[in-house]
Protein chains: 2
Amino acid sequence: MDKPEIPEDKAKRRPITARQLARMLGVSQSAVSRAFTPGASIAPDLRDRIKQFAEEVDYHPNAIASMLSKSRTNIVGIVVSDMQNPFYPALIEKLSRSLQRVGLQSLLFNITKGSNLEEQLSALRRYNVDAVIIISATILSGQTLRWATEGRAALLINRVVEDADLSCVICDNVAGSRAIADHFYETGRRRVAYVSGLSHTTTNRERQNAFVTRVAELGMTLCARVDAGEYSYEAGRRAAMEIVERGGADAIFFANDILAAGGLDALREEAGLSVPDDIAVAGFDDIALASWPHYALTTFRQPVDEIIAVAVGMIEDGSCYPGRPITIKRLPGELIVRSSSYTISRSSK
Amino acid sequence: MDKPEIPEDKAKRRPITARQLARMLGVSQSAVSRAFTPGASIAPDLRDRIKQFAEEVDYHPNAIASMLSKSRTNIVGIVVSDMQNPFYPALIEKLSRSLQRVGLQSLLFNITKGSNLEEQLSALRRYNVDAVIIISATILSGQTLRWATEGRAALLINRVVEDADLSCVICDNVAGSRAIADHFYETGRRRVAYVSGLSHTTTNRERQNAFVTRVAELGMTLCARVDAGEYSYEAGRRAAMEIVERGGADAIFFANDILAAGGLDALREEAGLSVPDDIAVAGFDDIALASWPHYALTTFRQPVDEIIAVAVGMIEDGSCYPGRPITIKRLPGELIVRSSSYTISRSSK
DNA sequence: GACGCCATTGCATACGGATGCAAGACACGG
DNA sequence: CCGTGTCTTGCATCCGTATGCAATGGCGTC
């Protein structure tokens, strides 16, 4: 049909196009396009005929071409930075799954500290993603974010950026931290401490302020406030030991579960204390590890599924498109009491 | 310049195109294209002039259009399925970072068990990704994989599929499992057990066969072989308790670190055994948790960075393109001895 | 001074599908 | 049998960039 004489294996077999399909079937290319466009004006039997034939010859519409003409990519850019905290990989996985369910693919943008951010983010603009979801805990300034997301839907998860004019979906850190403080108080703790991860993140500031404030309201003593410097197990251990050396406390609230896990192990193994008899430990997030019997961590559960549902919803209904007023969704979490803070707890699970 | 009278906020500001830029500058659109194409035939000063002006008016080449005309997307599809094991999220994160470093973005394809796989994977074909990296441990049959990756570069990580004709990069499971067996033997263990995760995965089969074989070679007794059914902490606990109830062992090799962590906790807390005095525990992968002092897990470290480097290399140099002979790269790992198996170990780190 | 070569540049078209518009098909009512 | 309206279908063009080819201009050489 084409030039003969060309060895079949050398001819890079391009996939079949709508035009070819159309010619074979004796219809127009538009018809093929319409057959694959839900709601397009086309007779049902023609559509069936085309779709069936397409299957036979293994035709698949080329999404790239479609993106170009529709200027819609069905791709959401997910910006992440450092993933020390296992909470985030889990979140990303669920998020990408939810997006997929509504026909959106996830393009990952892994921002690393070192090099220049603009270059890394310029791909965000060049790829014309429909929307951007930012999960990076840190690194990006409001200005950079505004630049990177200019003109497209954008959404922050678990973070607020004051000067970026972006909508966000977050867990109610304030209620969560207050709940932890209340829980400490109600179980008889009076000398408490707080361990932050990255002290400058909004997440941390919210948790810290709310906790410290509530502690004061309740008349408890804040014995120590330690900045672990990162959200890691080791940092949690170090912070816990620092608190012990500084005179101790009878309850520690760690800014997240990973820190708490490290802290709890250190308190037991290095400091020789009994948790929760000598000292109570609480975290934040409710990652998988928190429910492991060894840790049985009291924590504030982030409503991951709801966060994702709201985020995906906002992208679908366009409420986070530029021009729309920004919305800040704070979703309620849930205090999970386990035996790291409360002996008599019967909810050992 | 255009139709006046259109309120500026209603006119959806399309980003500026190469043609517009060219017109403003009095050059041809080709010149603009060439200015942004490394190695293209264009005078250095013209290139500079265009690039500078582009910056002023905030022009960014539209990657979609470029993909269409070059039929190259610079996107790698990463197929993942269920991410119970934290080893994989960590791997994905590093992988996407490495890909980004060579100019490739990662498009996530999250395959879920339930619905029909073809539909989920058809996006892989429609998006015209340059290459596909499959990390899903299970689910996909060789036939499905062949279909999904037809005509493009494809690569499996940490998995072999016999009937799919795909290259893969994996850790040397055989050497690893033998090393664990040897280590048990050398430290005086004689009654060992093996705990599998998903028993039908090639990963598990390789580890199990190698371990069992080596155990027999060394004349040790295989007291038990338990299938945990999934790669989770809880499953590890259950498997460990099952072994204890069946009469115990003096060393258990768990198919991965998460299982081992659960098993270790159960042995200590539920069974009241001393690890490593009464029983040694080893895992596989060397995830972050393995080095936590509480676990201090003896394990076989997967050469993650090397795996990624090789994978990215194979994609870059095209050695996993269809037509090329498939290659199976088995990379050596490293036995990491910690105190879950060996008391006198001074490498407490 | 003529010729040839190379570096630049623009022109035209391709990439594969979406869609406004108009034409054709068909039904129904008058 | 004609007018009107609805449903289908094809035509032409557009989306924004890449690139083969030809045209241009400059420069060195004999």
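Among the residues of segment A:203-225, those that are part of a helix (DSSP H, G or I) and more than 23 Å from residue A:261 (Cβ to Cβ) comprise A:209, A:213, A:214, A:216, A:217. Within segment B:79-96, being more than 8 Å from every other protein chain (Cβ to nearest Cβ) and of a type outside the set (Phe, Trp, Tyr) holds for B:79, B:81, B:82, B:84, B:85, B:91, B:94, B:95. For segment B:99-135, enumerate the residues that are assigned to a loop (DSSP other than H, G, I, E, B) and farther than 19 Å from residue B:326 by Cα. Listed by number, the residues that qualify are B:102, B:103, B:104, B:111, B:112, B:113, B:114, B:115, B:116, B:127, B:128, B:129. Residue A:319 meets all of the listed conditions (1) in a loop (DSSP other than H, G, I, E, B); (2) hydroxyl-bearing (Ser, Thr, Tyr); (3) closer than 25 Å to residue A:207 by Cα but one, namely (3). Of the numbered criteria (1) in contact (Cβ under 8 Å) with a residue 60 or more places away in the chain; (2) assigned to a helix (DSSP H, G or I); (3) more than 18 Å from residue A:77 (Cα to Cα), the one residue B:143 fails is (1).
Criterion applied to A:22, A:65, A:18 was being of a type in the set (Gly, Ala, Ser) and more than 14 Å from chain B (Cβ to nearest Cβ), and the one residue passing it is A:22.
What residue, of B:170, B:258, is within 20 Å of the chain's Cα centre (by Cα), within 30 Å of residue B:315 (Cβ to Cβ) and within 14 Å of chain A (Cβ to nearest Cβ)?
On the way: B:170 fails: within 14 Å of chain A (Cβ to nearest Cβ).
On inspection, the qualifying residue turns out to be B:258.
Please indicate, with yes or no, whether at least one residue in segment B:325-332 is free of Cβ contacts under 8 Å to residues at least 40 places away in the same chain and in a loop (DSSP other than H, G, I, E, B). Yes. Take residue B:273 and tell me if it is more than 14 Å from chain A (Cβ to nearest Cβ) and among the aliphatic types (A, V, I, L, M). So residue B:273 fits the description; yes.
Could you go through segment B:108-126 and let me know if any residue there is aliphatic (A, V, I, L, M) and under 26 Å from residue B:333 (Cβ atoms). Taking every residue of segment B:108-126 in turn, none turns out to be aliphatic (A, V, I, L, M) and under 26 Å from residue B:333 (Cβ atoms). Restricted to segment A:277-334, and to residues there that are closer than 27 Å to residue A:264 by Cβ and of a type in the set (Phe, Trp, Tyr), the residue that is nearest to the other protein chains (Cβ to nearest Cβ) is A:292. Checked against the criterion of being at the interface with chain A (Cβ under 7 Å from one of its Cβ atoms), buried (at least 22 other Cβ atoms within 10 Å of the Cβ) and hydrophobic (A, V, I, L, M, F, W, C), the candidates B:99, B:107 yield just one match: B:107. Does residue A:156 satisfy the criteria of being modelled with pLDDT under 95, crowded, with 24+ Cβ neighbours inside 10 Å and over 30 Å from residue B:68 (Cβ atoms)? When the stated conditions are applied, residue A:156 passes them. Taking residue B:54, is it at the interface with chain A (Cβ under 9 Å from one of its Cβ atoms), among the small types (Gly, Ala, Ser), within 18 Å of residue A:121 (Cα to Cα) and out of contact with any Cys (no Cβ under 8 Å at 6 or more places or on another chain)? It is false that residue B:54 is at the interface with chain A (Cβ under 9 Å from one of its Cβ atoms), among the small types (Gly, Ala, Ser), within 18 Å of residue A:121 (Cα to Cα) and out of contact with any Cys (no Cβ under 8 Å at 6 or more places or on another chain). Residues in segment B:159-197 that are in a helix (DSSP H, G or I), modelled with pLDDT under 90 and not acidic (Asp, Glu): how many? Summing the residues that are in a helix (DSSP H, G or I), modelled with pLDDT under 90 and not acidic (Asp, Glu) in segment B:159-197 gives 1. In the condition set (1) within 16 Å of DNA strand D (Cβ to nearest atom); (2) more than 25 Å from residue B:149 (Cβ to Cβ); (3) within 13 Å of another protein chain (Cβ to nearest Cβ); (4) β-branched (Val, Ile, Thr), residue A:129 is compliant with all but (2).
The values are calculated or read from the model by the stated rules, or taken from the named source; none is laboratory data. Fair warning: this is a prediction, and the values are worked out from it, not measured in the lab. Positions of Cβ are generated from backbone atoms using ideal geometry, with glycine treated the same way; all protein chains shown enter the neighbour counts.
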